[in-house]
1. Which value, in debye to the nearest 20, gives the size of the charge dipole of the chain about its Cα centre, when Lys and Arg are +1 and Asp and Glu are -1 at the Cβ?
2. What percentage of the solvent-accessible surface of the chain, computed with a 1.4 Å probe over protein heavy atoms, is contributed by carbon and sulfur atoms?
3. Give the calculated FRET efficiency between Ile118 and Ala197 to the nearest 0.05, with a Förster radius of 51 Å applied to their Cβ-Cβ distance.
4. Summing Lys, Arg as +1 and Asp, Glu as -1, what charge do residues with Cβ under 13 Å from the Cβ of Ala23 carry, Ala23 excluded?
5. Roll a 1.4 Å probe over the protein chains and send me the accessible area per residue for the chain in Å².
6. May I ask you to list the aspartates and glutamates whose Cα is less than 16 Å away from that of Lys293, ignoring any residue fewer than eight positions away on the same chain?
7. Can you give the FRET efficiency to the nearest 0.05 for Asp317 and Ser161, using r as the Cβ-Cβ distance and R₀ = 22 Å?
8. Need the full-extension length gain, Leu132 to Val108, defined as separation in residues times 0.36 nm minus the C-alpha distance. One decimal, nm.
Amino acid sequence: MTGLFTDQIPLLETFLFSSLISAVDPVAVLAVFEEIQVNEILYIVVFGESLLNDAVTVVLYHMFESYTEMGLENIIYTDILAGFANFFVVALGGTVIGIIWGFATGFVTRFTHEVRVIEPIFIFVMAYLAYLNAEIFHMSGILAITFCGITMKNYVEANISHKSHTTVKYAMKMLSSSSETIIFMFLGVATVNKNHAWNTWFVICTIVFCSVYRTIGVILLTAIANRLRLHQLSKVEKFVMAYGGLRGAVAFALVLLIDPNVVKLQPMFMTTTIAVVYFTVFFQGITIKPLVKILNVKTAERRKPTMNERIHERLMDHTMAAVEDIVGQHGNYHV
């Protein structure tokens, strides 16, 4: 409305762009946070936020994509209400599908002790089936695969052998690193093509607003969360959370999916997304480590337990097991 961008950007196209640019990249964030070895609480909070943020982004993106195809003049209030309802249905539906497939994997792996070699395949295939199942019903595939993994961690890990566990762990690390590398290579290739539309003010405003509104969001949401948390998030931790909002693969992948025939400004959106990804990954990613050291952020403690601690822990474990056997109650510390 100020006329800064020279191009007149329609409202729905702005919403479409804002939905994809809000995706915080979990892999880039975790790579940085593992490097600086922040404490576990902060690591888990940022990881959870970036992961669920992805799911929310994809749902919002598809919602605004369908609105853009319909056109602003054709949208009636029932479409907006359907969009809000769809948002919750897609998120909850994806979560439920993921949990069901996680339980199914737990059930199947109870009977694989005779053929340990097929355990890793079952885990990979059923996790992927959870994703496909969610996508078939237009639910959130990211949420499905996330909650499938969370459920598997609790119910599948104890069923499989140590060798299968190691196989799954390192195969997954290799696949995730390969996927991330391919996407960033693709990002590099897309940077040097001819379909760019550079708009200086649009790029600057996007970077500034992404930073400002992320900070406001973190301050407001952590204020609410701190009322319910045992571990209170400090001001320094809030700053690291706000500063650690790196954009990456998800935003870039979504902007490439926009149909240029429907959204005429797709080249400008793509150029701006690449600029934001470069700024956050290079500038914020490089400067976050010195900032963490300057601000004395609590880092993870990595030490081996002493012999005394190990003996006492073993003694307590055996005592607990004996008491559970006598009482006939099994589980985590029944009263």
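1. The dipole of the chain has a size of about 1020 debye.
2. Values: 14290 of 20750 Å².
Result for the chain: 69 percent of the exposed heavy-atom area is carbon or sulfur.
3. On the way: r = 51 Å, r/R0 = 1.00.
Approximately 0.50, to the nearest 0.05.
4. Details: positive: Arg214, Arg247; negative: Asp25, Glu49, Asp54.
Surrounding charge for Ala23 is -1.
5. Numbers: 20750 Å² over 335 residues.
I get 62 Å² per residue for the chain.
6. Counting by Cα, and skipping residues close in sequence, Lys293 has these aspartates and glutamates nearby: Glu34, Glu35, Glu237, Glu301.
7. Numbers: r = 22 Å, r/R0 = 1.00.
For Asp317 and Ser161, the calculated efficiency is 0.50.
8. On the way: separation 24, 0.36 × 24 = 8.64 nm, distance 1.88 nm.
Length gained, Leu132 through Val108: 6.8 nm.
The values are calculated or read from the model by the stated rules, or taken from the named source; none is laboratory data. These numbers come from a predicted model, not from an experiment. Glycine also receives a Cβ, built like all others from the backbone with ideal geometry; neighbour counts cover every protein chain displayed. All accessible areas refer to the heavy atoms of the entire protein, side chains included, with ligands and DNA or RNA removed. Shrake-Rupley method; radii C 1.70, N 1.55, O 1.52, S 1.80 Å.
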